[in-house]
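The values are calculated or read from the model by the stated rules, or taken from the named source; none is laboratory data. Remember, predicted model here, so these are calculated numbers, not experimental data. In this analysis, Cβ positions are derived from the backbone assuming ideal geometry, glycine residues included, and neighbour counts consider all displayed protein chains. These accessible areas exclude ligands, DNA and RNA; they are computed on the full protein's heavy atoms, side chains included. Shrake-Rupley method; radii C 1.70, N 1.55, O 1.52, S 1.80 Å.
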Amino acid sequence: MDYNFREIEKKWQQRWVENGTYRVTEDKQKEKFYVLNMFPYPSGAGLHVGHPLGYIASDIYARYKRQKGFNVLNPMGYDAYGLPAEQYAIQTGQHPAITTEQNINRYREQLDKIGFSFDWSREVRTCEPGYYHWTQWAFQKMFKSFYSLTPLTPNLTPYPPLQGARGNSGEGESAKARPIAELVAYFEKHGTEGLEAFGVAQSEELQFTADEWNSWTEQKQQEVLMNYRLAYLGETMVNWCAELGTVLANDEVVDGVSVRGGYPVVQKKMRQWCLRVSAYAQRLLDGLETIDWTDSLKETQRNWIGRSEGTEMQFKVADSDVEFTIFTTRADTIFGVTFMVLAPESELVEQLTTPEQRQAVDEYLAYVKKRTERERQMDHRVTGVFSGSYAINPLTGKQIPIWIAEYVLAGYGTGAIMAVPAHDSRDYAFAKHFNLPIVPLIEGADISEESFDAKEGIMTNSSNGEFSLNGLTVKEAIAATKKYVTEKGLGRVKVNYRLRDAIFSRQRYWGEPFPVYYKEGMPYMLPEECLPLELPEVETYQPTATGEPPLGNAQKWAWDTEKQQVVDKSLIDNQKVFPLELCTMPGFAGSSAYYLRYMDPHNTEALLSDDAASYWQNVDLYVGGSEHATGHLIYSRFWNKFLFDLGVSKVEEPFKKLVNQGMIQGRSNFVYRDNKASEEAGHPVFVSLNIMKQREAEEGAFTPIHVDVNIVSADVLDLEAFKAWRPEYNDAEFVLENGKYVCGWAIEKMSKSMFNVVNPDMIVERYGADTLRLYEMFLGPVEQSKPWDTNGIDGCHRFLKKFWNLCSSVCCDHIATNETASKEELKALHKLIKKVSQDIEVFSYNTSISAFMICVNELSQLKCKNRDVMRTLAVLIAPFAPHIAEELWEMLGGKGSVCDAQWPAWNEEYLVENTVRLGVAFNGKTRFDMEFAADADNQTIQAAVLADERAQKYIDGKQVMKVIIVPKRMVNLVIK
């Protein structure tokens, strides 16, 4: 019976749909297991073979856990908002929704062909109103919330800043988001008096009395509340791309231009919606101790959050009333400060630039505007400009110059630093470049060529007469300086974080609308019962003529507070009808809580029900790319913690275990144009690889040209397909070797421009989905990047044919038996059960597949015809190759779907080795093997070897000097 994979796969994919095989509901009789892939953005190019890698890995695990008896949730959906669809709309006029729908249909068609166990009844699309209703709802909740470490109780009990159940250095259980109404009530009674005792998250420290608060207008009060809300409007520096008409994230900008389109990008200060992610910084850190992620990924997040304990200090500006604050982790180095540096974005730049330096400063600021923060952090070029002003060192009284430099960022600390060039590499490079003083503070420090690491040593040059650090260790000096600065009122001890608040506005059309209208310039939320606020139709997807975002083109885009509905903006009177927000939410908005929506996707009354949240809890296994370490994974953890504070999410961390799949790289192919021969012939002449190598040293001038890998098989070019591929190659001439054109190859990123993109549809059509699934896992460990090589896929296909022939022969063979399998058969089977069971748990799928191949070979050699053995094989291979497993399970008399067949357990009794085979060597060279009882002692083994007639041939006429027995490996006879 032939292995007709096309019929088998079509049959079972249809059967799974008809039977709802993968539909799942809450079942309190079963333990849940939630498997999730980072859902894809549906691009127009569709899937290539690299995309399904993580999906296949998670699908194997999901199927395995189901066979182990778990109630498995394995959903899929689409991160459907994105700039590519909007850019296509701008170019063609086609609505992004149409483009997105077409792309989703293409993705779904491709995904279905690969045989995933997704519960498509739970599919979500971030662009559907029924989905973004709850994104808007969560945003409104954040707007109506503030964050504090303790409740705002009247007794003003100070919070314990470094104690807590959430972590050894973390925040207490009382740290959470709270209704903004509680803060308003506090202001009405106390103003800001005593507010610092509760650890309230805020943009800046404000001071006002209760009388002042109560006397202010509603507009003024709303402005002040922006300083505390978790979702707020704030002035931020952004990467602005005028051509695209939107703000771009750092990873969307390279060398001052946009990744998409290559348009100029500048730094620009804009009033933007922001999320106060920084309020959760400590909880984000503490939560890392409770989850099963790789150490490297955790460390990446720790570095991104960037917790540091230090001191805030006040510096006065010479000949001025201006003072400014700096944050330093090394207050003990204050005596080595020889200059100050401001971030170019700092408001102090305008205040402190003198008329003499105005032109130089303006020119420098224009340069910095074209540089993203990421570029400034990674590129260590030394640039800067003197402001013309001087600060006064609070401990020495000396005047020190204030510079402006791009290596200081506005978002960390206060946007101003004290520079200690003797002990900081970037300060040192700056001081050397601009010829500024360098004062060493550690005895014996050599600063002739580079800065000196001052983490240890004895202090020197650190005294002002009243206060001295000289002779102290670095650790003692840090503590002494903190104490002195605090006692003298020069500053305070503070914990700082590098983590920034998230910019939450995008000046584009294709995104979630903000459920916000504006009254006297201040934002107000639409009533919750009026959600979702749906995207309006617009005539053009470009910004308006006056520079407003594309939603400014919508005619029906105003909010009638009386009728509680969207109306024509011509009706705006700012009495009852008000303008709506023109920006939309960013890409990460819809992906920050989608894992919760999968738990209850059709609920129209809530994000999810309490029952669904309590049952599914959080994601047990999350699979996706490591590129999301500092974006999506930070934002979704923040979002979940906020919803946990609200009681919506039942677990503080959304993703219990995270696996980052590696990248499948492309294997590019090349043809080689003989430039000289082509010029002489008047048409392209291509020389086969090995002939090119022979000629290259003599003639040179061969140009490698990428060729579509889909017209190459085993590195042999399909000549006619190549001619048809490009019109200019119609009359191409080929210099062949052995009648074939052999292409060169290289491992590169899989990319359309390199013509090395392999469409999974082609693999499925030629070899079948089960072969594709096996091969992607057989390439290597899931977490590692590895090259795709279509040449190697035949091996997996041949294995499946052999597997099919072994198992299906039992169905057709009259000598098939249900008698107990032999010891050898049981040993081969249980060895496989143990290996695959253990490998799946640690995602070592490649070694599992090797074990299958070994077992099938062993059972074939044993001529196994036992139905029970074959049924067990079908169960074992089901997670990897579900189509062939289903067919064989049915043929072998299995009941229901193999998906629900119980996963077998191995029996160690069958794995006991009764015999052991040892190689027999003479003077280190192995000549033959011998079999011995597993418990045979060395004396018995030696006697048997010496008695063997094969040994006599090598010993004859020689003396056995020594017999060396290596347990379970070999016997070596030293003869002379």
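In region 623-664, what residues are at pLDDT 95 or above, under 26 Å from TYR845 (Cα atoms) and of a type in the set (Ser, Thr, Tyr)?
none
Against the condition open to solvent by less than 50 Å² (accessible area, probe 1.4 Å), within 56 Å of the chain's Cα centre (by Cα) and at pLDDT below 95, how does ALA936 come out, does it pass?
Yes; evaluated as a whole, the condition is true for this residue.
Hey, among the residues in region 407-428 that are open to solvent by 20 Å² or more (accessible area, probe 1.4 Å) and of a type in the set (D, E, K, R), which one's farthest from the chain's Cα centre (by Cα)?
ASP424
Would you please list the contacts, defined by Cβ atoms under 6 Å and residues six or more apart or on different chains, that run from a residue in region 356-379 that is more than 15 Å from TRP403 (Cβ to Cβ) to a residue that is among the β-branched types (Val, Ile, Thr)?
LYS369/VAL266; LYS370/VAL266; THR372/VAL253
Report yes if VAL764 is open to solvent by less than 30 Å² (accessible area, probe 1.4 Å), at pLDDT below 90 and of a type in the set (A, V, I, L, M), otherwise no.
No.
State which residue is nearest to LYS802 (Cα to Cα) when the search covers only region 870-918 and only residues that are among the aliphatic types (A, V, I, L, M) and either in a loop (DSSP other than H, G, I, E, B) or in contact with a strand residue (DSSP E or B) (Cβ under 9 Å, 6 or more places away or on another chain) (or both).
Out of the qualifying residues, it is ALA881.
Quickly run through region 595-626 and pick out the residues that are surrounded by fewer than 23 Cβ atoms within 10 Å (Cβ to Cβ), without any contact (Cβ under 8 Å) to a residue 60 or more places away in the chain and in a helix (DSSP H, G or I).
Once the filter is applied, which keeps residues that are surrounded by fewer than 23 Cβ atoms within 10 Å (Cβ to Cβ), without any contact (Cβ under 8 Å) to a residue 60 or more places away in the chain and in a helix (DSSP H, G or I), region 595-626 yields ASP610, ALA613, SER614.
Looking at (1) of a type in the set (A, V, I, L, M, F, W, C); (2) under 29 Å from ALA85 (Cα atoms); (3) surrounded by fewer than 18 Cβ atoms within 10 Å (Cβ to Cβ), which is the one condition that is false for MET1?
Against the list (1) of a type in the set (A, V, I, L, M, F, W, C); (2) under 29 Å from ALA85 (Cα atoms); (3) surrounded by fewer than 18 Cβ atoms within 10 Å (Cβ to Cβ), MET1 comes up short only on (2).
Please enumerate the residues belonging to region 954-976 that are open to solvent by 80 Å² or more (accessible area, probe 1.4 Å) and farther than 12 Å from LEU918 by Cβ.
Answer for region 954-976, where residues must be open to solvent by 80 Å² or more (accessible area, probe 1.4 Å) and farther than 12 Å from LEU918 by Cβ: ASP956, GLY957, LYS958, GLN959, MET961, LYS962, LYS976.
Given the conditions (1) crowded, with 17+ Cβ neighbours inside 10 Å; (2) at pLDDT below 95, report the number of the one that ALA431 does not fulfil.
Only one criterion is unmet by ALA431, namely (2).
Does region 358-366 contain at least one residue that is open to solvent by less than 20 Å² (accessible area, probe 1.4 Å), modelled with pLDDT under 95 and over 17 Å from PHE430 (Cβ atoms)?
No, region 358-366 has no match at all.
Hey, among VAL474, VAL485, which residue is within 30 Å of PHE430 (Cα to Cα), among the β-branched types (Val, Ile, Thr) and within 41 Å of the chain's Cα centre (by Cα)?
Values: VAL485 fails: within 41 Å of the chain's Cα centre (by Cα).
Just a single option satisfies the conditions, and that option is VAL474.
Within region 226-279, can you find the residues that are under 24 Å from the mean Cα position of the chain (by Cα), closer than 25 Å to ASP379 by Cα and among the hydrophobic types (A, V, I, L, M, F, W, C)?
Passing the criteria: VAL238, VAL247, LEU248, ALA249, VAL253, VAL254, VAL257, VAL259.
Does GLU466 satisfy being within 42 Å of the chain's Cα centre (by Cα) and either under 30 Å from THR236 (Cα atoms) or assigned to a loop (DSSP other than H, G, I, E, B) (or both)? Let's see the steps before the verdict.
Working: within 42 Å of the chain's Cα centre (by Cα): no; either under 30 Å from THR236 (Cα atoms) or assigned to a loop (DSSP other than H, G, I, E, B) (or both): yes.
Considered against the rule, which asks whether it is within 42 Å of the chain's Cα centre (by Cα) and either under 30 Å from THR236 (Cα atoms) or assigned to a loop (DSSP other than H, G, I, E, B) (or both), GLU466 comes out as no.
Report, by residue number, each residue of region 369-394 that is modelled with pLDDT of 95 or more and out of contact with any strand residue (DSSP E or B) (no Cβ under 7 Å at 6 or more places or on another chain).
VAL382, THR383, GLY388
Test of understanding: among ALA901, ALA921, ALA951, ALA905, which residue is open to solvent by less than 50 Å² (accessible area, probe 1.4 Å), under 21 Å from ASN866 (Cα atoms) and aliphatic (A, V, I, L, M)?
ALA901
So which residues in region 742-772 are in contact with a Pro (Cβ under 8 Å, 6 or more places away or on another chain) and charged (D, E, K, R)?
Listed by number, the list holds a single entry, ASP770.
Using the structure shown, decide if ASP731 is charged (D, E, K, R), touching a His at 6+ places or on another chain (Cβ under 7 Å) and either exposed (fewer than 15 other Cβ atoms within 10 Å of the Cβ) or touching a residue at least 12 places away in the same chain (Cβ under 8 Å) (or both).
So ASP731 passes the test.
Of the residues that make up region 851-866, is at least one in contact (Cβ under 8 Å) with a residue 40 or more places away in the chain, open to solvent by 50 Å² or more (accessible area, probe 1.4 Å) and in a loop (DSSP other than H, G, I, E, B)?
Yes, region 851-866 contains at least one residue that is in contact (Cβ under 8 Å) with a residue 40 or more places away in the chain, open to solvent by 50 Å² or more (accessible area, probe 1.4 Å) and in a loop (DSSP other than H, G, I, E, B).
Please determine whether any residue of region 447-455 is over 30 Å from TYR232 (Cα atoms) and not in a loop (DSSP other than H, G, I, E, B). I'd like the intermediate steps shown before the answer.
Filtering region 447-455 down to residues over 30 Å from TYR232 (Cα atoms) leaves 447-455.
Of the ones still in play, those that are also not in a loop (DSSP other than H, G, I, E, B) are none.
The answer is no; no qualifying residue exists.
Only one of these conditions is not met by LYS865: (1) at pLDDT 95 or above; (2) under 30 Å from ARG15 (Cβ atoms). Which number is it?
(1)
Just checking, does region 789-799 include any residue being over 30 Å from GLU748 (Cβ atoms), open to solvent by 10 Å² or more (accessible area, probe 1.4 Å) and in contact (Cβ under 8 Å) with a residue 40 or more places away in the chain?
no
Against the condition open to solvent by less than 80 Å² (accessible area, probe 1.4 Å) and in a helix (DSSP H, G or I), how does ALA943 come out, does it pass?
So ALA943 fits the description; yes.
Please go through region 172-198 and pick out each residue that is at positive phi and surrounded by fewer than 16 Cβ atoms within 10 Å (Cβ to Cβ).
GLY194
Among the listed residues VAL184, VAL200, which satisfies the condition of being in a loop (DSSP other than H, G, I, E, B) and touching a residue at least 24 places away in the same chain (Cβ under 8 Å)? Reasoning before the result, please.
Values: VAL184 fails: in a loop (DSSP other than H, G, I, E, B).
Checking each option against the conditions leaves just VAL200.
Please identify the pairs in which a residue from region 709-728 that is free of Cβ contacts under 8 Å to residues at least 40 places away in the same chain and of a type in the set (Gly, Ala, Ser) has its Cβ atom under 7 Å from the Cβ atom of a residue that is part of a helix (DSSP H, G or I) and open to solvent by less than 70 Å² (accessible area, probe 1.4 Å), counting only partners at least 6 apart or on another chain.
Filtered contacts from region 709-728: ALA721/ILE711.
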